[in-house]
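S.K.: Once you've had a glance at the structure underneath, I'll fire off some questions.
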Amino acid sequence: MSPRGLIARIGEEGSYSEYRVGDKKAVEERLILCQKVAFDVMVDNLMNSELAVIESAEAITAIGHRAVHGGDVFVDSVVIDEIVMKQLYACVRFAPLHNPCNIAGIEECMRRFPGVPNVAVFDTAFHQSVPREAYIYALPYDLYSKHGIRKYGFHGTSCRYVSRVAADVLNRPLEDLAMVSCHLGNGVTLDAVKGGEAVDTSIGFVTFCGVPMGTRSGDFDPAIIFHLVKEQGRSLEEVERLCYEKSGFLGVSGISNDMREVEQRAGAGDDRCALAVDIFVYHIRKTIGTHAAAMNGLDALVFTAGSGENSTEIRSRVCAGLGVLGVKIDERLNEMVRNGHPNISAASAFVTTLVVPTDEERMIALDTVRLVNHGGQVPPPIASLALTYPERV
Ligand code: ADP
């Protein structure tokens, strides 16, 4: 059983580390001030604790990293060298919250494990196949050509993984399938995947638009920003915080950014929570429709991540409005997903609906092996992946 771990609330009160090997679990509440301390805690868990799984630094032959933003330079994962590092730094302007953390981890690995190859797996790379009419905004062209302002997309690693597992479950070649993958976690991305390649994605320039998320608004008319600044005299910083931190489920419900709580309160009769769930479901459904149109067809609908894997109600309500596309689920199968039944389609459905647990770490590990061992030539052995529903730590 491969170990899984999590270090949460870095730099905040209540920071902690969780580490699990099989059914053994270690949880430690301690002050974890920054990424560097978090890195030390992770290495201690892996190499020096009672549950250590790595004997020594010499046993590490390669390290894979999630690198959120690679701009439009990288269409695949890469072995990290000086040029890649420069590009990662150049992309900090596009992902100021994510890229600095990724860079800190890579630099720490280079320092602690010199000579070990590091591989960057970009969340943006999967979306480099999106055609230009879908990724270029109808803004003055210079903004794209000179300043790189375009749709980039995120959660590409998750989508790439689940689309491949879905083809495996369907026992059909990925190349023949048109799918929409719905990654419904803290961040939400819906991807249109045709023939194994992304042809459109719901998120855009940064991790902000598309379907509403925990605290992020998702799509709205950008003229509202001008209105808030000009008519209401709010500062740009305030409006930015409002859109990123005070919107989404939290903004509408006024209660929580966590869909579990919002759903629960909606069930208990809270109207604003019910509205937040309605908006979420509506936007997912609408985006599935536009993605199906972008692909001129739909063979499979794949739910993954937080609400996608765990919320029977969200899946049921999204699918209930998609009969026009040939989507129909069996409510009994929808209830049984976690018992290892990924296919929740009704017998009469034209589109297969699946629930596939995402595993970005596994995708990163597969890419790392592919690049370090085979120079990138051999595709990752997705076909041999087990469909497991891991306990989330
Ligand atoms: P991340 O996107 O950070 O990897 P997850 O994929 O675990 O995180 O998604 C976490 C989110 O998924 C939670 O904030 C919550 O909104 C949602 N979620 C998790 N479990 C459920 C559930 N049983 N019902 C509804 N929503 C859920």
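Nothing in this text is a laboratory measurement; each read-out follows from the coordinates by a stated rule. Because the structure is predicted, anything quoted here is derived from the model rather than measured. Note: ideal-geometry Cβ built from the backbone for every residue, glycine included; neighbour counts use all protein chains shown.
S.K.: When a/c is below 1.5 the answer is rounded, else prolate if a/b is larger than b/c, else oblate, so apply that to the stretch 158-203 with a ≥ b ≥ c taken from the square roots of the Cα gyration tensor eigenvalues.
M.R.: oblate
S.K.: Could you line up Asp367, Asp176, Asp258 from fewest to most neighbouring Cβ atoms inside 10 Å?
M.R.: Neighbour counts put them in this order, fewest first: Asp176, Asp258, Asp367.
S.K.: Between the stretch 4-61 and the stretch 273-303, what's the alpha-carbon centroid distance in Å?
M.R.: About 37 Å separates the Cα centre of the stretch 4-61 from the one of the stretch 273-303.
S.K.: Rank Gly148, Val162, Asn118 by how far each Cα sits towards the positive end of the charge dipole of the stretch 48-168 (+1 on Lys, Arg Cβ; -1 on Asp, Glu Cβ) and give me just the farthest.
M.R.: Checked the options; the winner is Gly148.
S.K.: Okay, next question. Spin-label point model (7 Å from Cα, Cβ direction): what's the Ala90 to Asn48 distance in nm?
M.R.: The modelled label-to-label distance comes out at 3.8 nm.
S.K.: Please rank His291, His155, His98, fewest neighbouring Cβ atoms within 10 Å first, as an exposure proxy.
M.R.: Taking fewest neighbouring Cβ atoms as first place, the list is His98, His291, His155.
S.K.: Using Cβ contacts closer than 10 Å as the measure, can you line up Ser316, Ser247, Ser163 from fewest to most?
M.R.: Fewest to most other Cβ atoms nearby, the residues stand as Ser316, Ser247, Ser163.
S.K.: Which of Ala134, Leu190, Leu301 sits closest to the plus end of the dipole of the chain, meaning its Cα is farthest towards the positive end, when Lys and Arg get +1 and Asp and Glu get -1 on the C-beta?
M.R.: Farthest towards the positive pole: Ala134.
S.K.: List the pairs from Lys151/Lys246; Lys286/Lys328; Lys151/Lys328; Lys86/Lys146 whose alpha-carbon separation is above 20 Å, in the order I gave them.
M.R.: Lys151/Lys246; Lys151/Lys328
S.K.: While we're on this one: In the P(r) worked out for the stretch 4-53, what percent of Cα pairs fall beyond 14 Å?
M.R.: Numbers: 535 of 1225 pairs.
Of all Cα-Cα pairs in the stretch 4-53, 44 percent lie more than 14 Å apart.
S.K.: Hydropathy first: keep DSSP H helices in the chain averaging at least -0.5 on Kyte-Doolittle, then drop any whose Cα extent along the axis falls short of 18 Å, and list what survives.
M.R.: For the chain, where a helix must reach 18 Å along its axis and average at least -0.5, the hits are 156-170, 271-295, 360-374.
S.K.: Might you report the magnitude of the Cβ-based charge dipole of the chain about its Cα centre, with Lys and Arg at +1 and Asp and Glu at -1, to the nearest 20 debye?
M.R.: With Lys and Arg at +1 and Asp and Glu at -1, about 460 debye.
S.K.: Eigenvalues of the Cα gyration tensor times 5, then square-rooted: what semi-axes does that give for the stretch 156-355, in whole angstrom, largest first?
M.R.: Rounded to whole Å, the semi-axes are 31, 20, 13.
S.K.: Using label points projected 7 Å from each Cα along Cα→Cβ, tell me how many nm separate Ser2 and Ile225, to one decimal.
M.R.: Going from the Ser2 label point to the Ile225 one covers 3.8 nm.
S.K.: In deg cm²/dmol, rounded to 500, what helix-only [θ] at 222 nm does the chain give when every DSSP H run of at least 4 residues adds -39500 (n - 2.57) and the total is split over its residues? Kindly include the intermediate steps, with their values, before the conclusion.
M.R.: On the way: 15 runs with 149 residues, N = 393.
After summing the helix terms and dividing by the residues of the chain, the value is -11000 deg cm²/dmol.
S.K.: Follow-up. Using only Cα atoms, what Kirkwood radius does the chain have, in angstroms?
M.R.: Computed over the chain, the radius equals 22.2 Å.
S.K.: In nm, to one decimal, how far is the modelled label at Ser316 from the one at Ala293, with both set 7 Å along Cα→Cβ?
M.R.: My value for the distance between the label points is 3.0 nm.
S.K.: With charges only on Cβ, +1 for K and R and -1 for D and E, what is the dipole size of the stretch 232-365 about its Cα centre, in debye, rounded to 20?
M.R.: Result for the stretch 232-365 is approximately 340 debye, rounded to the nearest 20.
S.K.: Need one word for the stretch 113-180: rounded, prolate or oblate. Basis is the Cα gyration tensor (sqrt eigenvalues a ≥ b ≥ c); a/c below 1.5 gives rounded, then a/b vs b/c decides.
M.R.: Oblate shape, in that a/c is at least 1.5 and b/c is the bigger or equal ratio.
S.K.: What percent do you get for the relative contact order of the stretch 156-355 when only Cα pairs under 8 Å and 6+ apart count?
M.R.: Values: 364 pairs, mean separation 39.7, N = 200.
It comes to 20 percent, rounded to a whole number.
S.K.: Within the stretch 244-258, whose backbone N sits under 20 Å from a point 7 Å along Cα→Cβ of Gln232?
M.R.: So the set is 244-257.
S.K.: Compute the Cα gyration tensor for the stretch 202-293, then decide on rounded, prolate or oblate, letting a ≥ b ≥ c be the square roots of its eigenvalues: rounded whenever a/c is under 1.5, prolate when a/b is larger than b/c in the other cases, and oblate in all that remain.
M.R.: oblate
S.K.: Got a sec? Charge dipole of the stretch 156-355, +1 on Cβ for Lys and Arg, -1 for Asp and Glu; which of Ala349, Ser311, Pro222 is way out at the positive end?
M.R.: Ala349
S.K.: Then there is this: Taking a point 7 angstrom from the Cα of Tyr141 along the C-beta vector, which residues in the stretch 46-86 have backbone N less than 20 Å away?
M.R.: Backbone N within reach: 72.
S.K.: On to the next question. List the relative contact order of the stretch 4-53 as a percent without decimals, with contacts defined as Cα pairs under 8 Å and 6+ residues apart. Before the final figure, lay out the partial values.
M.R.: On the way: 72 pairs, mean separation 14.8, N = 50.
The value is 30 percent.
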